[in-house]
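**Q** One structure coming up, written as structure tokens, with questions to follow.
The values are calculated or read from the model by the stated rules, or taken from the named source; none is laboratory data. The model shown is predicted, which means the values in this text are computed figures rather than measured ones. Cβ: placed from backbone, ideal geometry, glycine included. Neighbour counts: every protein chain shown.
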């Protein structure tokens, strides 16, 4: 690689890595094990970078041999091209676009790291999985309840976590045309977001009989 391109690649890679972790933190993904897993799949493995380059105009500006027998080398070239383009955006006063490109890449491919096996489950089974994840987070297994509102052409379905003597916590609300598919879709989406640590869930607050007393977070009463 010629020195000018190599320097652009190095700086573009640094830009990508910096905003990769910033985006994960924005999604409340702060666990080092999860961060390392996503790093390996989305950056180190380069499979998804390759898909992005092949389905964008980036490939039109670089000599990338798609028929190369050395697949790993081809993926490295796609990765280098992506980093160079990011840095070109940065130095040409398109930093905001470069940041959006990194975030868009992560937002698009991150869900693909989780097989859609939950779609074969029924809503009640998924709700049990949600309760199990929240048990790990809170130390108390909640009851996952639901509510819905309907009008002429749509339904709004809401998942709620409840713990005895604590205020209920709304997990997720989604809107759809019919109750049954909207119910399942909401349950699956809530589970996926919890697995990715992308769903910000409030800590249940203890409801005390004495109104003059302040509410106490779970585990501290």
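**Q** Check residue 76 against each of (1) surrounded by 13 or more Cβ atoms within 10 Å (Cβ to Cβ); (2) in contact with a helix residue (DSSP H, G or I) (Cβ under 9 Å, 6 or more places away or on another chain); (3) over 18 Å from residue 101 (Cβ atoms) and name the one condition it does not meet.
**A** The one condition residue 76 does not meet is (2).
**Q** A follow-up question, please. Within segment 35-52, can one find any residue that is surrounded by fewer than 14 Cβ atoms within 10 Å (Cβ to Cβ) and touching a residue at least 60 places away in the same chain (Cβ under 8 Å)?
**A** Taking every residue of segment 35-52 in turn, at least one turns out to be surrounded by fewer than 14 Cβ atoms within 10 Å (Cβ to Cβ) and touching a residue at least 60 places away in the same chain (Cβ under 8 Å).
**Q** Moving on. Tell me which helices (runs of 4 or more DSSP H) are completely within segment 1-74 and hold 3 or more residues being closer than 30 Å to residue 137 by Cβ, or say none if there are none.
**A** 3-26, 32-39
**Q** What is the one condition in (1) closer than 16 Å to residue 121 by Cα; (2) surrounded by fewer than 16 Cβ atoms within 10 Å (Cβ to Cβ) that residue 153 does not satisfy?
**A** Status for residue 153: all satisfied but (1).
Residues checked against (1) outside the structural domain of residue 169 (by TED's automatic domain parsing); (2) under 22 Å from residue 39 (Cβ atoms):
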residue	(1), (2)
78	yes, yes
85	yes, yes
94	yes, no
102	yes, yes
122	no, no
131	no, no
141	no, no
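**Q** Within segment 128-150, take every residue that is under 18 Å from residue 176 (Cα atoms) and in contact with a helix residue (DSSP H, G or I) (Cβ under 8 Å, 6 or more places away or on another chain) and give me the one that is surrounded by the fewest Cβ atoms within 10 Å (Cβ to Cβ).
**A** Selected residue: 150.
**Q** If you go through segment 144-152 one residue at a time, do you hit one that is closer than 23 Å to residue 23 by Cα and touching a residue at least 24 places away in the same chain (Cβ under 8 Å)?
**A** No, segment 144-152 contains no residue that is closer than 23 Å to residue 23 by Cα and touching a residue at least 24 places away in the same chain (Cβ under 8 Å).
**Q** Additional query: Identify the residue in segment 163-179 that is out of contact with any helix residue (DSSP H, G or I) (no Cβ under 6 Å at 6 or more places or on another chain) and touching a residue at least 40 places away in the same chain (Cβ under 8 Å) and, among all such residues, is farthest from residue 199 (Cα to Cα).
**A** 165
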